[in-house]
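Written below as structure tokens is the structure these notes are about.
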Amino acid sequence: MEFDLLIIGGHLIDPGFGFSKRADLGIAGGKIARVFEEGQLNKEEIKKYLGDRVIDAAGAIVATGFVDLHVHFREPGREDKETIMTGSRAAAAGGFTSVCCMPNTQPAIDNQETVKFVTSLAEKGDCRVYCIGAITKNRAGQELSEIGDLVKAGVVAISDDGDYVQNPEVMRRALEYARMFDIPVISHAEDVFLAAKGLMNESFQSAKLGMTGRPAVAEEIAIIRDIKLAGLTGGRLHIAHVSTAGGVEAIRRGKAEGVKVTAEATPHHFTLTDDLIGERFDTNLRVNPPLRTETDRQAVIAGLVDGTIDCIATDHAPHTDEEKDVEFDQAPPGMIGLETCLGLAVTELVDKGYLTLLDVIRKLSANPAAIVGLPSHGLGVGESADLVIFDPEAEWTVRREDFYSKSKNSPFVGRQLKGKVLATIMNGRVTHRTRT
Ligand code: DOR
């Protein structure tokens, strides 16, 4: 049998099939055509493929490509920050083979035409790009979008991310409609009135710095309300970027009560805390929901450990240097995250003993895929070859000039991380190989 690509010497980890073993993979026609048990593939055979048709994965992990439920690719409207092409290139560099784009573009992804526009641009991209449709027209929180039309055009979820759907009646109807199509409603859970125009977490730190705060209770109340509405309607609710101890606890209780609620945490919320803002005044630390206290950070980690938080999502939110190089209160909230995600997960969660590599892989692939109903592409014969190859031991320093994302707004520049993506393969095509 002739292969397009061989991946040799790697250690396969597949949470779906429940295995972890040394094996080689033969890829053909975009699929995994053969799994060679250790020693089955002879050296003569390998020689035929030498050059760019063999990836030597010795000492590395081979896993299902990562799936990000939460990215902002800014197209249409703000192509100066990111485009589908640059965003998908950054995704590939981070080990992602599928991403879901939030609809806070200009115009918003609230109609079939915009979904088709984004999807067609993505055809030539370096990862699979799915759209999340807006819950309400123009994300204004008033009138529901044509949800059936959006689903027909291919959206995998609906969300007004960036803003909370403050009107509970509108959110109730959104959950009812989404239930008919079996898609989740993703909630950016921050009560608008309580969070107001707060710049950072409301805490000792905000008082010390004289900055307006966004209290934890703004998130907690918003999550509790939406869980109640999910319970009432039977709809599927997904909580984006949970950041507070109270929010994690509310989701835990909701799950225990049988409500269909899932949740994600971002690498920045399980890594950073609000005291950094006073130390650095780095506008890249301004993000919504804001960085919280150490108690909150620990609660987010505990939620990841006990399964309350199902997956890791980046909330990759690119902004230009011009927008970020201003006073803290003038800078737009958000930071990029695709290219530092794996390194932060390994450094902060695996290396510190909270999660195993298998857990992290599951929270970056099978779990998010299941939430939005995407195939999770396991490592068995016949599966789509959507793969990531990474070295969990490799140490590297985050450098601004290495980002593929068009924007560079990362507070992690200069930070030493462990766990590096070596190659990404999407549909059998090599979409990223680390520069050596
Ligand atoms: O910090 C954030 N930035 N939070 C959001 O919810 C939106 C995002 C953005 O679009 O920049």
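Read-outs: derived from the displayed coordinates by stated rules, not from any lab. Source: prediction; values computed, not measured. All Cβ positions, even for glycine, are placed from backbone atoms using ideal geometry, and neighbour counts span all protein chains on display.
Under the combined filter of DSSP loop state and at most 10 neighbouring Cβ atoms within 10 Å, the range 277-358 retains these trypsin sites (Lys or Arg not before Pro): Lys352. The relative contact order of the chain comes to 19 percent, based on Cα pairs under 8 Å that sit 6 or more residues apart. In the chain, what % of DSSP beta bridges are antiparallel (nearest 5)? Looking only at bridges with both residues in the chain, the antiparallel portion is about 50 percent. Sorting Asp282, Asp24 from the fewest to the most surrounding beta carbons within 10 angstrom yields Asp282, Asp24. For the range 1-128, what's the relative contact order in percent, using C-alpha pairs closer than 8 Å and at least 6 residues apart? Rounded, it is 22 percent for the range 1-128. Extension gain, Glu113 to Asp56: 0.36 nm times the residue separation minus the Cα-Cα distance gives 16.2 nm.
For the range 111-164, dividing the convex hull volume of the Cα atoms by the residue count gives 75 Å³ per residue. Helices in the chain, meaning DSSP H runs of at least 4 residues, each add -39500 (n - 2.57). Divided by all residues, the mean residue ellipticity at 222 nm is -8500 deg cm²/dmol.
Here the dipole of the chain is about 560 debye; that uses its Cα centre as origin and unit charges on the Cβ of Lys and Arg (positive) and Asp and Glu (negative).
Peptides 423-433, 85-95, 190-200 ordered by packing proxy, namely the average of other Cβ atoms within 10 Å per residue, highest first: 85-95, 423-433, 190-200. Divide the volume of the convex hull around the Cα atoms of the range 1-103 by the residue count and you get 126 Å³ per residue. Take the Cβ atoms of Arg399 and Ala302, set R0 to 30 Å, and the FRET efficiency comes out at 0.40. The Cα-based radius of gyration and maximum Cα-Cα distance (Dmax) for the chain are 21.0, 69 Å. Measuring between alpha carbons in the structure, the pairs from Lys197/Lys324; Lys116/Lys137; Lys260/Lys352; Lys124/Lys420; Lys324/Lys406 lying more than 23 angstrom apart are Lys260/Lys352; Lys124/Lys420.
Reducing the range 404-435 and the range 173-217 to their Cα centroids gives an inter-centroid distance of 30 Å.
Ranking of Val35, Val300, Val350 by neighbouring Cβ atoms within 10 Å, starting from the fewest: Val35, Val350, Val300. How many angstrom lie between the Cα centre of the range 1-21 and the Cα centre of the range 232-291? The distance from the Cα centre of the range 1-21 to that of the range 232-291 comes to 34 Å. If you filter the range 223-300 for GluC sites (Glu not before Pro), then keep DSSP loop positions with at most 16 other Cβ within 10 Å, what is left? Listed in order of number, the matching sites are Glu257. The angle between the Cα long axis of helix 168-180 and the longest principal axis of the Cα atoms of the chain comes to about 30 degrees, rounded to the nearest 10. At full extension, Glu79 and Ala28 could sit 14.9 nm farther apart than now, given 0.36 nm per residue minus the alpha carbon distance. Where in the range 52-66 does the label zone of Lys21 land, with the point 7 angstrom along Cα→C-beta and an amide N cut-off under 20 Å? So the set is 57-65. Please state the shape class of the range 159-221: rounded when a/c is under 1.5, otherwise prolate if a/b exceeds b/c and oblate if not, all from the C-alpha gyration tensor. The shape class here is prolate.
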